[in-house]
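Heads up: the structure comes next, in structure tokens.
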């Protein structure tokens, strides 16, 4: 049974899993005393953050780079009406890493936070307040309290969570300027929005019209199509079939199917497809004749094959054009008499929906509107019936349902139709239906007078500009965003709201005279207004009028405000108050170098920015766009506060620190625009697999520096010249690895591929801790002499110094923490202008003289052999401390074997083997080949023959398989197989002589480990086990490498009298581990620093450590 164990070592507290006798697995540092680091809890970050605050690090970094080439980053503005969630933290991490990197690469990167302060989220808060206070909301509430009071309340709450954003974003480690932020409600921002709009107006891109748009009855405003697609839900709606009596034909009817009964009072026509074949049937049960598509019979009958009807006639839809009929309601009968209530033709009618005849309600359907306009049913003189108030309730024009909300009226309308004999069939249907993303209520389609920006004509230019930009990942650009641009429609840019940037159009009462204002100065000039204009919201500007130049009295501003996406899309200009300020420098920084947001912004901010940039300057306002995916709860569902299905990000940062959270998110599929299921265990894993090894690398380095001081009285200082005299292959390898890494990082960061960069950075940590330090401990401790120790320490310092600078943009806290501790080893001649923070330093440059492809290749191959050897031991459950006889390495490439041979000593020592045997002779070691079928591939290709092919594969000989590997093809049972159909395996013949041999294959390298524990190697293995126990005792006693001790052992159980001879014959091994005396003690001993009853291979020995 396992349990959680807490162990105190050297002033450290570790938690881990294990039983009473096993070593504790060191998972997470809970606390470290004495000028050390704390990972769990926020003390690590706090230490680094306090230092950064004391030196005003962000502003200082901006000062240091002030004269350098600008790198422009645009920050998309979030709403401040809620607290930051994981999606915000992910975006903030990306927006921090990239600017930090380019700052360290020698650029000046201005980073200003932005706030989206207008729009529905703010108004909803006020509407809820007013609902409680007055019992009304929206327009009716504004009529009672006035726009000025309404907007005052909006302004009061809009920045409610600003301080929380500042705290959380700062806690995450993001450097961003909150003091010099931009807000869409600032008059300077709003004025630039006016300027942007006027540029479009003067290019004849703005028009006023009625258009069927997604409409929120809860908010009393139309939405853009992109907004309407944000929230689709499965809903149950009525589905009814209604009859329409044909005039002049007795007992004959058209049928139409609809899921929106509430639109029938506004009916003006029926539409059929001109090319479809319709049938006239006689329904025996009702004795009525119906016209519909034959495939539509399923809507009329449960089982058309068993239904009692007969087909009387067949006709084309074009034959029905102009046939008149009786409408279901008479509310608009007189108004549309002679032009409406006729059959129309259009190809939008679908064969797989309803009965093939579509009921037309032009005010509530985009296709209906276009067909009715084309047929002359509606016109600018005869608008479509639209008997709803702004909140979606029927007006007095629909007398029978006056005051009812459209969705609530469905039931009464169906009853009315049934009573009138017009209802043929009723049922329910479950389908996907759009909802308002803010109010969460069903949307309707509705013709709304609105202001539009012409977009459709510029689609080719948008696609051309898209090709000039770089996106990560590329499939978002090529797929989702390209398709969205290709299908772009005119943009409804107006909203019937109160808190927003007023659209700067002043019009006459007949809308014939229109003046577009582009600045405060222009408004004052044309209106004669002489007061101060420090605000541009509706309560300020709506009362200002402009005298007509056509004798039409006073021009008044239209009621609408901008869609808030127009404001955020204008941010490259409005955040700079362009062109009223910064005109001389604006184009030096435009287009921006980089933007980043979530995948959903392809229909939002990315789109509107791209559109306005193309209109204004014939270019997208950005060069590079990084798109992240969505962060979901661990169960794959959307994160929900009410469901409590995710951990509070503040608690995660307090518990593990910000660096692990940043690294967890950035090293996940979410940076490839894929979903991430957030798991706290993933953050914890980053602590144990990345943060702790990085810290331990530094900590080990400092311990050896202290040891060098004690043994040789040398204060270590980094010396780049030492590398020119360094001949050690592992030193050369790790330094060459650093250069390869830096070259790779620079290449990948230049194209913004974070998802390839992070794994390589983490690989360097692994190479440092699990390979370089592990293989060079003795050198670093000085066992190979002072000169070699200095070379090794210099190399390790170079690597750590490279790592903290290379990782600084990604994990800013721990890198600066470590840097503060190692900076004392940097000589003054290598100092930069300001050495107080790693974030003031340049990104490490590639040192070409340290490249060594040969050494990198050799060590890589050594690693493959060692990892395969370890795997063989694991499979046989043989500890690395148990000496084994031999490892055979088989490879066909002599160069490969030569590379492995050059590092034989490392392999032999690490794998604890006596002999390393290299060979290319597979026959000598009875290597056999076998093949496994790719069942899926075979099934797709060969269908029913796949089974016989699969059955024949085990009969293939090694010769057959080798031939297949060489040619890439083979014929089995008459079927032609290629590389992807078979998976080749190598092994050795299973005989009594090979039962102790374990095989592993990787990188075309096959290794054979002799896992038999030969007696002559047993003593050394036992000694290594005891050395391990002694080393663990030293740590538990809080000893450091510089502490010399006396070790006393007492034999408790030794049936074979092995212990004394082991300590005697393996004395050199113990001397290195203990750094002191070894004594045998047969009586009780007191006052030990630490002691342990060590049970190794049925031998029980009490081990005790004493200070010298």
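Across the stretch 355-378, what is the number of residues that are in contact (Cβ under 8 Å) with a residue 40 or more places away in the chain, farther than 22 Å from residue 214 by Cα and out of contact with any helix residue (DSSP H, G or I) (no Cβ under 6 Å at 6 or more places or on another chain)?
The qualifying residues number 3.
Scan the stretch 221-236 for residues that are buried (at least 18 other Cβ atoms within 10 Å of the Cβ) and not in a helix (DSSP H, G or I) and report the count.
4
Is there any pair with a first residue in the stretch 463-486 that is not assigned by TED's automatic domain parsing to the domain that holds residue 601 and a second that is surrounded by 15 or more Cβ atoms within 10 Å (Cβ to Cβ) whose Cβ atoms are under 7 Å apart and which are 6 or more apart or on different chains, and what are they?
Hits for this filter: zero, empty list.
Do we have any residue at all in the stretch 115-134 that's surrounded by fewer than 17 Cβ atoms within 10 Å (Cβ to Cβ) and outside any helix (DSSP H, G or I)?
no
Let's see how each residue does on (1) more than 30 Å from residue 1020 (Cβ to Cβ); (2) at pLDDT 95 or above:
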{"position": "847", "(1), (2)": "yes, no"}
{"position": "870", "(1), (2)": "no, yes"}
{"position": "909", "(1), (2)": "no, no"}
{"position": "916", "(1), (2)": "no, yes"}
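Which of the residues spanning the stretch 251-285 are more than 47 Å from the chain's Cα centre (by Cα), farther than 13 Å from residue 326 by Cβ and either free of Cβ contacts under 8 Å to residues at least 24 places away in the same chain or not in a loop (DSSP other than H, G, I, E, B) (or both)?
Within the stretch 251-285, 255, 265, 277, 278, 279, 280, 281, 282, 283, 285 qualify.
Check 201, 215 and return the single one that is under 30 Å from residue 512 (Cβ atoms) and either in contact with a helix residue (DSSP H, G or I) (Cβ under 6 Å, 6 or more places away or on another chain) or part of a strand (DSSP E or B) (or both).
Of the residues listed, the single one that is under 30 Å from residue 512 (Cβ atoms) and either in contact with a helix residue (DSSP H, G or I) (Cβ under 6 Å, 6 or more places away or on another chain) or part of a strand (DSSP E or B) (or both) is 215.
Does the stretch 870-881 hold any residues that are touching a residue at least 40 places away in the same chain (Cβ under 8 Å) and not in a loop (DSSP other than H, G, I, E, B), and which are they? Write out each step before concluding.
Quick first cut of the stretch 870-881, residues touching a residue at least 40 places away in the same chain (Cβ under 8 Å) only: 870-873, 875-876, 878-879, 881.
Correct list: 870, 871, 872, 873, 875.
Residue check: is residue 1092 closer than 26 Å to residue 777 by Cβ and not in a helix (DSSP H, G or I)? If you could, list the steps in order and put the result at the bottom.
Values: closer than 26 Å to residue 777 by Cβ: yes; not in a helix (DSSP H, G or I): yes.
Yes.
Per-residue answers, yes or no, for (1) touching a strand residue (DSSP E or B) at 6+ places or on another chain (Cβ under 6 Å); (2) closer than 28 Å to residue 749 by Cβ; (3) surrounded by 21 or more Cβ atoms within 10 Å (Cβ to Cβ):
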{"site": "599", "(1), (2), (3)": "yes, yes, no"}
{"site": "609", "(1), (2), (3)": "no, yes, yes"}
{"site": "612", "(1), (2), (3)": "no, no, yes"}
{"site": "618", "(1), (2), (3)": "no, no, no"}
{"site": "626", "(1), (2), (3)": "yes, yes, yes"}
{"site": "635", "(1), (2), (3)": "no, no, no"}
{"site": "640", "(1), (2), (3)": "no, no, no"}
{"site": "647", "(1), (2), (3)": "no, no, no"}
{"site": "653", "(1), (2), (3)": "no, yes, yes"}
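Pick out the one residue from 104, 52 that is closer than 16 Å to residue 812 by Cα, modelled with pLDDT under 90, out of contact with any strand residue (DSSP E or B) (no Cβ under 9 Å at 6 or more places or on another chain) and surrounded by 17 or more Cβ atoms within 10 Å (Cβ to Cβ).
On the way: 104 fails: modelled with pLDDT under 90.
Being closer than 16 Å to residue 812 by Cα, modelled with pLDDT under 90, out of contact with any strand residue (DSSP E or B) (no Cβ under 9 Å at 6 or more places or on another chain) and surrounded by 17 or more Cβ atoms within 10 Å (Cβ to Cβ) holds for just one of 104, 52, which is 52.
So residue 397 ticks every box in (1) crowded, with 24+ Cβ neighbours inside 10 Å; (2) over 46 Å from the mean Cα position of the chain (by Cα) but one. Which box is left unticked?
Status for residue 397: all satisfied but (1).
Which residue out of 664, 718, 622 is in contact with a helix residue (DSSP H, G or I) (Cβ under 8 Å, 6 or more places away or on another chain), surrounded by fewer than 19 Cβ atoms within 10 Å (Cβ to Cβ) and at pLDDT 90 or above?
Values: 664 fails: surrounded by fewer than 19 Cβ atoms within 10 Å (Cβ to Cβ); 622 fails: surrounded by fewer than 19 Cβ atoms within 10 Å (Cβ to Cβ).
None of the other options fit; the residue is 718.
Please count how many residues of the stretch 827-841 are closer than 20 Å to residue 173 by Cβ and assigned to a loop (DSSP other than H, G, I, E, B).
Start the filter on the stretch 827-841 by keeping residues that are closer than 20 Å to residue 173 by Cβ, which leaves 834, 836-841.
Now narrow it down to the ones that are assigned to a loop (DSSP other than H, G, I, E, B): 834, 836-837, 841.
Number of matching residues: 4.
Got a sec? Which helices (runs of 4 or more DSSP H) wholly within the stretch 540-636 have at least 3 residues that are without any contact (Cβ under 8 Å) to a residue 12 or more places away in the chain? Spell out the reasoning first.
Numbers: elements: 564-569, 571-574, 583-586, 605-617.
Output list reads 583-586.
Kindly check whether there is at least one residue in the stretch 873-880 that is surrounded by fewer than 15 Cβ atoms within 10 Å (Cβ to Cβ) and over 30 Å from residue 733 (Cβ atoms).
Within the stretch 873-880, one or more residues are surrounded by fewer than 15 Cβ atoms within 10 Å (Cβ to Cβ) and over 30 Å from residue 733 (Cβ atoms).
Any residue at all in the stretch 324-338 that's more than 16 Å from residue 269 (Cα to Cα) and touching a residue at least 12 places away in the same chain (Cβ under 8 Å)? So that I can check it myself, show each step before the final result.
Taking the stretch 324-338 and keeping what is more than 16 Å from residue 269 (Cα to Cα), we get none.
Looking for residues that are more than 16 Å from residue 269 (Cα to Cα) and touching a residue at least 12 places away in the same chain (Cβ under 8 Å), one finds none in the stretch 324-338, hence no.
With the condition being under 30 Å from residue 772 (Cα atoms), free of Cβ contacts under 8 Å to residues at least 12 places away in the same chain and not assigned by TED's automatic domain parsing to the domain that holds residue 1096, I'd like the helices (runs of 4 or more DSSP H) fully within the stretch 882-999 carrying at least 1 qualifying residues.
Numbers: elements: 894-902, 904-911, 935-942, 946-952, 958-967.
Qualifying helices (runs of 4 or more DSSP H): 894-902, 904-911.
Which one of the conditions (1) part of a helix (DSSP H, G or I); (2) touching a residue at least 40 places away in the same chain (Cβ under 8 Å) does residue 522 fail to meet, given that it meets all the rest?
Unmet for residue 522, out of (1) part of a helix (DSSP H, G or I); (2) touching a residue at least 40 places away in the same chain (Cβ under 8 Å): (2).
So which helices (runs of 4 or more DSSP H) are wholly in the stretch 644-759 and hold at least 1 residues that are assigned by TED's automatic domain parsing to the domain that holds residue 818 and in contact (Cβ under 8 Å) with a residue 24 or more places away in the chain?
Working: elements: 649-656, 658-666, 680-686, 692-712, 729-750.
Filter on the stretch 644-759 gives 680-686, 692-712, 729-750.
The values are calculated or read from the model by the stated rules, or taken from the named source; none is laboratory data. Since the model is a prediction, treat every value here as computed from it, not as a measurement. Glycine also receives a Cβ, built like all others from the backbone with ideal geometry; neighbour counts cover every protein chain displayed.
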